[in-house]
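Below: one structure, written as structure tokens.
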Amino acid sequence: MSENYYHSVTLDEALCKGCTVCIKGCPTEAIRVQKGRARITADRCIDCGECIRTCPSGAKKAVSDPLALLENFDYTVAIPAPTLYGQFSSDISCNRILTALKGIGFDDVFEVALSAEILSRETRNYLKERKGNAPLISSSCPVIVRLVETRFPSLIDQLVPMISPMELSARIVREKLKDSRGRVGVFFISPCAAKVTDIRTPRGIETSSVDGVIGIKDIYRELSQAIGRVETEEPLSRAHAMGISWARTDGEGSAVFSENHISVDGIEHVIDVLESLENGHIENVDFVEMMSCPGGCVGGPLTVENPYIARNIITCRERRHLPDEPVSLPEEALLDSGVLSIRWTESVESRTTHLLDPDYRKAMQMMEDMEAIRQGLPGLDCGSCGAPSCRALAEDIVRGRTTETDCVFMLRERIRELTREMIDLESRMPPGLDR
Amino acid sequence: MNFEYQVSGEDYSLAGRASSDIKKKLKQLGIPSPVIKKTAISMYEAEINMVIHADGGVIEVCLDPDQIKIVLKDTGPGIPDLEQAMQEGFSTANEAARELGFGAGMGLMNIQRNSDSLHIDSIVGEGTTVTILLKVNG
Ligand SMILES: Nc1ncnc2c1ncn2[C@@H]1O[C@H](COP(=O)(O)OP(=O)(O)OP(=O)(O)O)[C@@H](O)[C@H]1O
Ligand code: SF4
Ligand SMILES: [Mg+2]
């Protein structure tokens, strides 16, 4: 498969029963059921993982990189998402979890929460210096960036034009190890399927500095065992409450220190708010945090712990990691001195995956045909045809992907017509036999 | 190509549906995104006005190769003083509408600012017809 169309979210054909449950929940209408199997349209999929949550047969999966990838490198560094801390009971210290990461094969660790703290500061500054008063939209969740570029391109300019905490962590690690010999491998320990896709086809930057994304659920068992084996906890954890809070809804939002911010989680709510932003109906708000997963990254498809419990563990840890005085991290110097930069260097382009045809007149004609077809369909949005709605089926038909008889009601109509015709024919006996 | 929407005045939570649907269609047609944004803002404001000030009505959207025409017809109370209604900050919105964040008296101004032409016909006691035009290449 071409890298351009790489997706972490995939279908296990053997498990799919063709039940059509997934098609309606997909926010980009990327799934169709055909020949008894769900199919994901690659250019529409934004890796949100909604279908993984809704599939009753467990046929939707998020594929991440295997731990075996570490063998390709001489020195490996794990960069765990703050969400990892929500996966283990709060009596297990962050130091213990990080020590255990080294126990399962990494040479060193660097907390993504630290980069989140740095990015919080940068976002605050950006908010101050920025012109215009359209609300800024966070870009740390890769699903949001992809949703905006496909469904809300008029809001692209409102995205925070900065790399994610994952990306900043990888850059910091590489910078610190730039004089070391041998191949350095940086691995994100991830709650997130979209990040797996994001390092292969990043937005806003040319190439990612991350070598692999390893799903939390894939190493959970091994890591739990390693946690049990830790004898001396190394003092590896430096993160503070603010960075850790990015794991949950309103962590990033609160960290901009603005009274007028809102934080939205869950893809359906995100879409509602993006609609309102596009309608210009959200005013007096300067920052909008958006997280595709319910509860934020603690609800990510590669996590193990129940998101509500994970959220509670995260807030417990936040209380314990509250700094006594304002913090300044030594890594900030890398930014202030210009060694590292965090701004996007590539523009995010609108990707109109729902465009009917690049030729406006042709698109108009197709839309007219689509309307005519839709009016002939029963309007039940039952999903039996494998499309999420009658309108979507009409669209598939004008795109030449299928025919009207996919609709069970249209098919019945056609059969009725044919039957009438047959009865009619049957009554017309050949003249020689007709007595 | 014409599209018609019946807008109910009963349920505030449904207000904006017609604008969302048109927005989706404009995206399928490949209309430039700044034009989509201007259309979305204009139509949304007018649709909301029709719900909160006039108990709903009918919207007709006419998509031509070079322009988008939106006609919103209601049989509500009408607007006694158009000039006053157009002024920033003027609003007769009731408490319920204000609680939902409407009633800043910005809607008509926003339409004026975002569209290429705005025309309002209103007769007190009979109703209001709002006509909005947007150029597709503008
Ligand atoms: N369709 C309509 N029928 C009757 N009156 C209307 C209609 N549309 C607007 N008006 C009148 O014009 C006034 C100004 O409208 P405008 O949209 O500018 O502000 P608003 O709706 O009161 O507040 P906002 O749009 O900021 O939420 C309204 O308060 C109302 O009195
Ligand atoms: S909310 Fe977090 S885990 Fe979910 S898609 Fe976004 S970044 Fe990934
Ligand atoms: Mg208004």
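The values are calculated or read from the model by the stated rules, or taken from the named source; none is laboratory data. Here the structure is a predicted model, which is why all the values come from computation and not from measurement. With ideal geometry, Cβ positions are generated from the backbone for all residues, glycine too; neighbour counts draw on all protein chains shown.
For segment B:87-104, filtering for residues that are buried (at least 17 other Cβ atoms within 10 Å of the Cβ) and more than 19 Å from B:S13 (Cβ to Cβ) leaves 1. The residues in segment A:15-32 that are out of contact with any Asp or Glu (no Cβ under 9 Å at 6 or more places or on another chain) and crowded, with 22+ Cβ neighbours inside 10 Å can be counted, and the count is 1. Restricted to segment B:46-138, the set of helices (runs of 4 or more DSSP H) holding at least 1 residues that are closer than 26 Å to B:M1 by Cβ and near ligand 1 (Cβ under 9 Å from one of its atoms) comprises B:107-114. Whenever a residue of segment B:100-127 is under 14 Å from A:N279 (Cβ atoms) and within 11 Å of ligand 3 (Cβ to nearest atom), its partners that are acidic (D, E) and part of a loop (DSSP other than H, G, I, E, B), lying with C-beta atoms within less than 7 angstrom and at least six residues away or across chains, give the pairs B:M106/B:E88. For segment A:306-323, the condition of being farther than 30 Å from A:K217 by Cβ, more than 14 Å from chain B (Cβ to nearest Cβ) and either modelled with pLDDT under 95 or assigned to a loop (DSSP other than H, G, I, E, B) (or both) holds for at least one residue.
Residue by residue, here is whether (1) part of a helix (DSSP H, G or I); (2) surrounded by fewer than 23 Cβ atoms within 10 Å (Cβ to Cβ) holds:
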| site | (1), (2) |
| --- | --- |
| A:K131 | no, yes |
| A:I144 | yes, no |
| A:L155 | yes, yes |
| A:M166 | yes, no |
| A:K178 | no, yes |
| A:F187 | no, no |
| A:K195 | yes, no |
| A:R203 | no, yes |
| A:T207 | no, yes |
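Contact map, segment B:25-51: residues that are more than 7 Å from every other protein chain (Cβ to nearest Cβ) paired with residues that are charged (D, E, K, R), Cβ distance under 7 Å, separation 6+ or inter-chain. Pairs shown: B:M50/B:D74. A:I271 passes every criterion in (1) part of a helix (DSSP H, G or I); (2) within 14 Å of another protein chain (Cβ to nearest Cβ); (3) under 30 Å from A:R320 (Cβ atoms) apart from (3).
Checked against (1) more than 18 Å from A:E149 (Cα to Cα); (2) more than 14 Å from the chain's Cα centre (by Cα); (3) outside any helix (DSSP H, G or I), B:V7 passes all but a single condition, namely (2). Residue by residue through segment A:332-368, note down the ones that are part of a helix (DSSP H, G or I) and within 14 Å of chain B (Cβ to nearest Cβ). Residues satisfying the conditions are A:Y360, A:R361, A:K362, A:A363, A:M364, A:Q365, A:M366, A:M367, A:E368.
With respect to the stated conditions, B:E4 fails to be surrounded by fewer than 23 Cβ atoms within 10 Å (Cβ to Cβ) and away from chain A (no Cβ under 13 Å).
Among the residues of segment A:290-300, is any in contact with a strand residue (DSSP E or B) (Cβ under 8 Å, 6 or more places away or on another chain) and within 14 Å of chain B (Cβ to nearest Cβ)? No; the residues of segment A:290-300 include none that is in contact with a strand residue (DSSP E or B) (Cβ under 8 Å, 6 or more places away or on another chain) and within 14 Å of chain B (Cβ to nearest Cβ).
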